[in-house]
Amino acid sequence: MTFTKEMEAKASKEGQQKDPMQSKLGKRHFVTFMLFLGMANAYVMRTNMSVAIVAMVNHTALESEAELVDDECPNTDYGNTTEKQQDGEFVWTATMQAYVLSSFFYGYVLTQIPFGLLAKRYGALHFLGWGMFINSAFAFLVPVAAREGGLFWLCVVRFIQGLGEGPIVPCTHALLAKWIPPNERSRVGAAVYSGAQFGTVISMPLSGLLAEYGFDGGWPSIFYIFGLIGVIWSLAFVWMIYEDPEADKKMDEKERKYITNALWGAAPVTQSPPIPYKSIAFSLPFYAILFAHMGQNYGYETLMTELPSYMNQVLRFSLKANGFLSSLPYLAMWIFSIMISWVADWMISSKRFNHTQTRKIINSIGQYGPAVCLIAASYTGCDRVLTVALLTIGVGLNGGIYSGFKINHLDITPRFAGILMSLTNCTANLAGLLAPITAGILVEGKPTIAAWQKVFFIAAGVYIFCATFYNVFGSGKRQPWDNPANDKMQPTTVVNETSLSTDQQLTQRKSNGRHANDDEETRQ
């Protein structure tokens, strides 16, 4: 009896130990690295035009429009754009520039849902790789379209670039669902999606340097160099990455089994039922993610677009004139998202918190934190330093969303994660458009502290409402409509332990315990 208890205790202790493959670098980490670079490249392509267009436009030839400012705060002799801007080749008004900048966005939003559906049916790898190839290759045509075709053809080229970038988020999510075990999702998801901040931090200063010192007039070199980098990445991605571990015959067999067993049990990876549209439409955990995603995009646009406008109009301080300060919030978000992701995965792997609790706690930091900072920023008066600090802290804490709702699609439905991401990302991007529209209505003709305070309170309220909705209805458990029962196709084999050796008995008991835990998680 004593020997049996000691044997069971030893088995229990060994069962709690981390799988050796969990801490070992493998192919899934290389997939993570490539997806990180892809996300960084995508955001480079999205943001480089905002820097390049400043060098493209002939500011002297345009009638100067006096920007409406508030006189509640004293002027400053630092951080404002007093130096003469370099004149470019094109006489484009502010409205015409807005057409150029928005054309990419329309193409990007248009392809979200279609590519999510196509990736589910035909696989995500090639849509992602060749989509980014189109995005990068058309970057070479931007200077040609602007110089030879004019504003219309430039907008067409940027629109096509947006179409090519449409697969980046839903297809990335679909690949993560196939490659990353549940206990590693937080840090891997944060690592991949933080590529957005990394790409922004890298592209803004480099694009500025290329616009001033680059070849072919400066600004065209932005699109040539980043386009070349994107083409190289796309070809390498399609050549070196596989759709799932089963398709990669060169990877370590132990790692393949570790991934597939963690995700699907004994079921074939390729087995996937039809998309359960009706079940998704009536799923509260799905709507929890949807609302959180919409609130995130609205609040983030206010933090990153409207708060700097407030500082320029009311505090008379230009963040854009200071390269370090303009990139500081992105850097803070990148660093914090990586740090908090390790905490999230530790919370899950330590068994102190389940997936649902972890997602809600981390997401609360990522959305309540920025809401508090927005409210506080509306009471800082004319204190520029404090406002910059709150902007940096707010955006930094916002990095918690990557280990919160942003990766939650994979928890509730690994089979349909790409489709859910395409639905929520498309809707969230449309919701993000409301932030500048709302701010424009509230502060038009009167950019006072009181008017801007309403803008910040609305954004904070959206953050709080959406985060609370997520906390009430969100879940980290696989939903029944994902068909988790199909994961384990092999019947349980009853083995007479007396016919096994001591080591074999331990192995059998650990296996039985593991499957019992899996069944319990599914029932939850």
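The values are calculated or read from the model by the stated rules, or taken from the named source; none is laboratory data. Just so you know, these numbers come straight off a predicted model, no measurement behind them. Cβ sites come from the backbone with ideal geometry, for glycine too, and all protein chains shown count toward neighbours. Please note that ligands, DNA and RNA were not included when accessible areas were found on the heavy atoms of the full protein model with its side chains. Shrake-Rupley method; radii C 1.70, N 1.55, O 1.52, S 1.80 Å.
Values computed for the structure shown
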| read-out | value |
| --- | --- |
| Ellipsoid semi-axes in whole angstrom, largest first, where each is sqrt(5λ) of the Cα gyration tensor of region 98-143 | 23, 15, 4 |
| Cross-link pairs beyond the 19 Å C-alpha cut-off, checked among K254/K477; K27/K249; K360/K477 | K254/K477 |
| Region 381-392 - phi-based ³J(HN,Hα) in whole Hz, Karplus 6.51/-1.76/1.60, Gly and Pro as x | x, 9, 7, 6, 4, 5, 5, 4, 5, 5, 4, 5 |
| Sum of side-chain charges, Y470 neighbourhood, beta-carbon under 9 Å (Lys, Arg +1; Asp, Glu -1) | +2 |
| F473 accessible area, 1.4 Å probe, all protein chains in place, Å² to nearest 10 | 80 Å² |
| Calculated from backbone phi, Karplus (6.51, -1.76, 1.60) coupling profile of region 162-169 in Hz, x at Gly/Pro | x, 4, x, 7, x, x, 4, 7 |
| Selection of trypsin sites (Lys or Arg not before Pro), region 374-439, meeting DSSP coil and at most 16 other Cβ within 10 Å | none |
| Karplus-derived HN-Hα couplings along region 440-452 (A = 6.51, B = -1.76, C = 1.60, θ = phi - 60°), whole Hz, x at Gly and Pro | x, 5, 6, 10, 4, x, 8, x, 8, 4, 5, 5, 5 |
| Estimated distance in nm for a label pair at R147 and N354, the labels positioned 7 Å out from Cα along Cα-to-Cβ | 6.2 nm |
